[in-house]
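Only one structure is covered here, and it is reproduced in the block below.
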Amino acid sequence: MLSVCIIAKNEEKNIARCLQCLKPYDFEIVVVDTGSTDRTREIASQYTDKVYEFAWRNDFALAKNYAISKAQQPYVMVIDSDEFLEEIDTEKLYDLLNEYPEQVGRIRRKNIFTRNQQEQENQEWINRIFSKERFCYEGRIHEQVVAKDGSQYKTYQAPVVIAHTGYDLTLDERKKKAERNFLLLQQELQCLEEEKEKNKKDTTEYQKIEEQIPYILYQLGKSCYMAEQYQEACEYFSKGLSYDLNPKLEYVIDMVEAYGYALLNSNQAQTALFFENIYEEFKDSADFQFLMGLIYMNNACFTQAVEEFQKATQHKECKNKGTNSYSAYYNIGVIYECLGEKEEAVCYYKKCGNYEPAKKRILEIEGRI
C-alpha cells in the first residue's frame with residue numbers, strides 16, 4: 001500500500017542507516033540516484049532492487065517526482081537519505097490513508113545537530129505522505145507538496161517520527177550547502193518575479209505567485225543564517241515579513257523566530273525589542289517566549305527576561321529542545337548569578353537536571369572547581 005521514495009547523491013555515509021531502518025516493514029523502497037560518484041548506488045542495491053538514475057537538473061521537485069513515478073503502490077512516503085525512521089505505527093497509518101485519501105500526512109521530524117559543543121534538537125511537522133495520483137512536488141528547492149489539480153488540501157498528523165542529521169555539519173560544510181541552496185533559491189525567486197510580471201492582468205494567478213515569494217525570501221534568509229551571515233539573513237527575513245502573512249503558518253512562525261536570533265547574533269539586540277509589537281500573535285509558543293527572554297536579557301531588562309523564561313517553562317511542548325525546561329532555567333540562573341544572587345542562581349541551575357553547563361556553574365559557585 002505504501003512506497004518509500006528517496007533521492008540521493010553521494011550519501012554513502014547515510015544511505016545504509018536510512019534503508020536499514022525501513023527493513024523491518026513491508027514497504028516498497030524506491031531510491032533515485034542523481035549522480036553519485038561514491039558507493040551510494042551500490043549500498044542502496046543491497047536493500048532494494050528499485051534503484052534508478054536521474055540526471056541532476058538543479059531541481060529537487062523534478063527528481064522527487066521522478067522517484068514517485070517509479071513507485072508501484074498508490075501512496076508514497078518521501079524521505080531524505082540523511083533521515084532515518086525512529087517510530088511508526090503502520091496499522092494506524094494505513095487506517096488514516098483509507099480514511100483520508102485526499103489529504104496529506106504530516107510526519108514529525110527531529111533535527112539533531114551539534115553547535116558550540118552542545119547537542120541540540122528541534123522538531124517540526126512536514127508534509128510527506130500522500131496519494132501519488134493526486135499530489136506531486138513543486139519548487140526548484142525547498143520543494144512543496146501540491147495538489148495536481150491546483151486545489152487547497154487538508155492534512156493530518158501521521159504516526160511517524162524520523163530523525164534528521166542533515167544539519168549536523170561543520171561551518172564550512174554548512175556554508176557550502178547554503179551557497180548551493182542560495183543560488184537555486186535566487187533562480188526560483190527570479191522565475192517568480194518574471195511570472196508575476198507576465199500575469200499582471202490575471203488577478204488569480206498574480207495573487208498565487210505573490211503568495212509564494214515570501215516563502216522563498218524566508219528560505220533565502222535561512223540559507224544565510226546557516227552560513228552565519230546574520231546581517232544578510234535579517235534583510236531577507238525583513239523583506240519576507242513585509243508581506244501580509246498569516247501568523248499561524250509554520251514557516252511564518254519559524255521566520256519570526258529565526259529573525260529574532262539573527263538580530264541577536266548580529267548585535268542588534270536593541271532593534272529586536274520591536275518584537276514586543278508582535279507579542280500577542282506569537283505568545284502561545286514556548287520558543288517565542290524563550291526568544292523574548294533572550295531579547296530582554298541582551299538588553300539588560302532582567303526582570304522582563306526572567307518573566308519570559310518562566311512563561312516558557314509553563315508550556316508542555318516546544319520546538320527547540322530545552323526552551324521550555326533546562327535552557328530557560330539556565331538563563332534565569334545566569335541572570336541571578338550576574339546580579340550577585342548566587343543562592344537563587346544555584347536554585348535555578350539545579351532545575352536544569354543533567355544539563356552540563358548548569359552543573360559546571362553550580363560547582364564553580366560552590367567553589368568545588
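The lysines within cross-link reach of LYS198, meaning a Cα-to-Cα straight distance under 24 Å and a gap of 8 or more places when in the same chain, are LYS148, LYS208, LYS239. With contacts taken as Cα pairs under 8 Å and at least 6 residues apart, the stretch 1-99 reaches a relative contact order of 41 percent.
What do you get for the angle between helix 356-365 and the principal long axis of the chain? Use alpha-carbon atoms, 0 to 90 degrees, nearest ten. On a 0 to 90 degree scale, this one is about 10.
Classify the stretch 291-347 from the C-alpha gyration tensor, please: rounded if a/c falls under 1.5, else prolate or oblate depending on whether a/b exceeds b/c.
Details: a/c = 2.34, a/b = 1.44, b/c = 1.63.
Verdict is oblate for the stretch 291-347.
Restricting to bridges with both residues inside the chain, how much of the DSSP beta-bridge set is antiparallel, in percent to the nearest 5? Of those bridges, close to 55 percent are antiparallel.
Across the cross-link table entries LYS13/LYS283; LYS222/LYS283; LYS9/LYS92, which are compared at the Cα atoms, the separations over 29 Å belong to LYS13/LYS283; LYS9/LYS92. Is the stretch 91-173 rounded, prolate or oblate when judged by the Cα gyration tensor, a ≥ b ≥ c being the square roots of its eigenvalues, rounded requiring a/c under 1.5 and prolate requiring a/b larger than b/c? Note, shape of the stretch 91-173 comes out oblate. The charge dipole of the chain, taken about the Cα centre with unit charges on the Cβ atoms of Lys, Arg (+1) and Asp, Glu (-1), comes to about 480 debye, rounded to the nearest 20. Sorting 323-335, 98-110 by their mean Cβ neighbour count within 10 Å, with the most densely packed peptide first, gives 323-335, 98-110.
Subtracting the Cα-Cα distance of TYR279 and GLU197 from their residue separation scaled by 0.36 nm leaves 26.0 nm. Rolling a 1.4 Å probe over the heavy atoms of the protein chains gives the stretch 78-158 an accessible area of 53 Å² per residue. For TYR236, the accessible area of its heavy atoms, probed at 1.4 Å with every protein chain present, is near 40 square angstrom. The packing ranking, built from the mean of other Cβ atoms within 10 Å per residue, places the peptides 62-74, 194-206, 352-364 in the order 62-74, 352-364, 194-206, highest first.
What does the helix-only formula give at 222 nm for the chain: each DSSP H stretch with n ≥ 4 adding -39500 (n - 2.57), the total divided by the residues, and the result rounded to the nearest 500 deg cm²/dmol?
On the way: 14 runs with 171 residues, N = 369.
Taking each H run of at least 4 residues, the total per residue is -14500 deg cm²/dmol.
The values are calculated or read from the model by the stated rules, or taken from the named source; none is laboratory data. Keep in mind that this is a model prediction, so the values were computed, not measured. We place every Cβ from the backbone using ideal geometry, glycine too, and count neighbours over all the protein chains shown. Keep in mind that these areas ignore ligands, DNA and RNA; they rest on the heavy atoms of the full protein, side chains included. Shrake-Rupley method; radii C 1.70, N 1.55, O 1.52, S 1.80 Å.
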